[in-house]
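Note sheet for the following structure.
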Ligand SMILES: Cc1ncc(C[n+]2csc(CCOP(=O)(O)OP(=O)(O)O)c2C)c(N)n1
Ligand SMILES: [Mg+2]
């Protein structure tokens, strides 16, 4: 991973309403550093509709069009079309939604926009539950996790939805995952995405100390362990969903190191964590094989 | 240019004249021809707009919200289930004070599946804060689209135009087609007062505490009240430009009428034919078409109906557990100001024909007072 200069310009201010250690807030701060001031945000119902601050305040120096929970991608499509017709072809419209607004209620509008290849960026900051309404499970909640709707006696049994696979199946020009623990990488990816036309999908893991039952100061460490344990691989999918690139240049750490500090996994036995690690490994291998496949396949656009 | 076109195409021609910049729609019978013709007009360059072919009506309306927030004219059209799917977004457009225009082709709501007309789809959006205008002819439909943008942009509220499925949407009539160059003098290019703009960044629609929300709702009501005059003024100005005006209500032979039938949509035309027939027979009867439903034209309605001895309201809709919805509106408009008796008639649900014979039955009952309830009389129901 090459170090990149982190711009000193701040488009996010202090005074926002996030909890201590909020990954979603760090993600926004770094993303806007990459995006610059010619960015218009579309924010559906999620923690970020609150973090922004109450009227007449805002914690961002870019315009925001708040919208309905399931409507980030469709509102962004309309906003982009409207700006273009107004003669503003420069502004990048970026939908900024939580995992619930992306994996669940907003997936229809997102799929529609991606299929049409709308010229928008869509960033899902993923804190792996409906945090704004009080930590209820979403389809992005990982297997094994406690939430207020998956209590310990009946913790989440189903794996996290594979949103990257779903988005890759839409043949859009750019997909990337990023982590607040790797800001240089995050900024590079957002910069790259910014320059591409068509639908660009960004998926940022955003630890939520409140919902993950985690000490706030461990938020970034957890984001890093998610990557090094390969629970949340850093990847890029280009060439309309066909070319996969997986970042492997790190020292692997056990999945248990990632899960144990988080209260939401406290009830899991070592055996259960082992079987989760097996699943993580299988997913990792699948990703690597995709990377190999896209490297070996003849005739693919490079 | 005069052309024989269907009601749905009258909508499209209205939109074509208005410098609309973003269209977004999802197909549903009986609205489809509206968007098909608009697609052709966009493809041929007759309309310089982006047409976002979304995957649902919820997205159609949110795309309009996004476009309108960017400060350009946005339009969509739908019917029944589509309008109901938009419901959440209809509220949002009002709160965001976006001057979007929507054409709803009245269609009955399932189950059972029905594609035929009644007004329950649009009337169940009564309280969202959209203006509602019910059209009766293809000419009026085209002209009302143009008026709608002007009204919407003046009061900063969205406007819904309503027309009957098939009886209007698929009926061919002669329409004097409006051209953009002529309309521009009446409806200049839209300049939004507030918009999403990177050079003047604001956050729109963020958290509103109890210390602001209440006032914002008060302002919506004030805008609605202002709209009462704006709709009238825009109609008068339209008449000065194009020689046609429609009023907010349309009284027909109400002078000296003992009984007045209250109607809306295409039932209004049929009713006028029945009024003529009964007047020929010496019966003192007239009719009042309600064109503007929200804001409700209370004064105009009072003005006409307070002079009658009886009022009979024809509803092609029902608020289950209560009455016909126009009936309720008329009653509340007259409450405490006159004791003229008001009778309610439900007919034509799910596209059942409202023929001259049906209207004659209502009129005869209203005149003779026989076999009728005060609040709800079912006409033509087979039970
Ligand atoms: C249609 C609708 N249903 C439910 C809600 C309530 N709601 C608001 S935010 C939210 C959860 C958001 O979860 P996510 O998208 O993951 O964002 P987060 O709060 O975790 O940041 C829910 C359920 C809503 N605003 N709209
Ligand atoms: Mg979430």
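Bear in mind these aren't lab numbers, they're just calculated from the coordinates by the rules spelled out. Predicted, not measured: the structure shown is a model, and the values here were computed from it. Neighbour counts are summed over all protein chains in view; Cβ atoms, including those assigned to glycine, are modelled from backbone coordinates with ideal geometry.
Which of the residues that make up region A:115-132 are surrounded by fewer than 24 Cβ atoms within 10 Å (Cβ to Cβ), more than 10 Å from chain B (Cβ to nearest Cβ) and more than 15 Å from ligand 2 (Cβ to nearest atom)?
Across region A:115-132, the qualifying residues are A:117, A:119.
Which numbered condition in (1) more than 16 Å from ligand 2 (Cβ to nearest atom); (2) under 18 Å from residue A:204 (Cβ atoms); (3) facing chain B (nearest Cβ under 7 Å) is the only one that residue A:49 fails?
Unmet for residue A:49, out of (1) more than 16 Å from ligand 2 (Cβ to nearest atom); (2) under 18 Å from residue A:204 (Cβ atoms); (3) facing chain B (nearest Cβ under 7 Å): (1).
Could you tell me which numbered condition residue A:83 fails, if it satisfies all but one of (1) within 16 Å of ligand 1 (Cβ to nearest atom); (2) in contact with a strand residue (DSSP E or B) (Cβ under 8 Å, 6 or more places away or on another chain); (3) part of a helix (DSSP H, G or I)?
Against the list (1) within 16 Å of ligand 1 (Cβ to nearest atom); (2) in contact with a strand residue (DSSP E or B) (Cβ under 8 Å, 6 or more places away or on another chain); (3) part of a helix (DSSP H, G or I), residue A:83 comes up short only on (1).
Of all residues in region A:261-288, which are touching a residue at least 12 places away in the same chain (Cβ under 8 Å) and not in a helix (DSSP H, G or I)?
Within region A:261-288, A:261, A:262, A:266, A:267, A:268 meet the criteria.
Residue by residue through region A:61-73, note down the ones that are touching a strand residue (DSSP E or B) at 6+ places or on another chain (Cβ under 8 Å) and within 7 Å of chain B (Cβ to nearest Cβ).
A:61, A:62, A:63, A:64, A:65, A:66, A:67
Filter region A:134-166 down to the residues that are touching a residue at least 24 places away in the same chain (Cβ under 8 Å), in contact with a strand residue (DSSP E or B) (Cβ under 9 Å, 6 or more places away or on another chain) and more than 16 Å from ligand 1 (Cβ to nearest atom), then identify the one that is nearest to residue A:19 (Cα to Cα).
Applying the filter and picking the extreme gives A:155.
Looking at (1) out of contact with any helix residue (DSSP H, G or I) (no Cβ under 9 Å at 6 or more places or on another chain); (2) at the interface with chain B (Cβ under 7 Å from one of its Cβ atoms), can you tell me which one residue A:78 breaks?
Just one mismatch for residue A:78, condition (1).
Which one is farthest from residue B:294 (Cα to Cα) among residues in region B:228-264 that are in contact with a helix residue (DSSP H, G or I) (Cβ under 6 Å, 6 or more places away or on another chain) and in a helix (DSSP H, G or I)?
Result: B:241.
Among the residues of region B:203-227 satisfying the criterion of being in a helix (DSSP H, G or I) and surrounded by 18 or more Cβ atoms within 10 Å (Cβ to Cβ), which is farthest from the other protein chains (Cβ to nearest Cβ)?
Once the filter is applied, the top-ranked residue is B:227.
Since residue A:23 meets every condition but one in (1) under 24 Å from residue A:189 (Cα atoms); (2) facing chain B (nearest Cβ under 9 Å), which condition does it not meet?
Failed condition: (2).
Report the residue count in region A:227-249 for those that are exposed (fewer than 14 other Cβ atoms within 10 Å of the Cβ) and touching a residue at least 60 places away in the same chain (Cβ under 8 Å).
Looking only at that region, the number is 1.
Of (1) closer than 19 Å to residue B:159 by Cβ; (2) within 14 Å of chain A (Cβ to nearest Cβ); (3) touching a helix residue (DSSP H, G or I) at 6+ places or on another chain (Cβ under 6 Å), residue B:50 satisfies all except one. Which?
So residue B:50 meets the others, but not (1).
All but one of (1) out of contact with any strand residue (DSSP E or B) (no Cβ under 6 Å at 6 or more places or on another chain); (2) touching a residue at least 60 places away in the same chain (Cβ under 8 Å) hold for residue A:224; state the number of the condition that does not hold.
All conditions pass for residue A:224, except number (2).
Restricting to region A:82-114, count the residues that are within 14 Å of another protein chain (Cβ to nearest Cβ), crowded, with 24+ Cβ neighbours inside 10 Å and within 16 Å of ligand 2 (Cβ to nearest atom).
6
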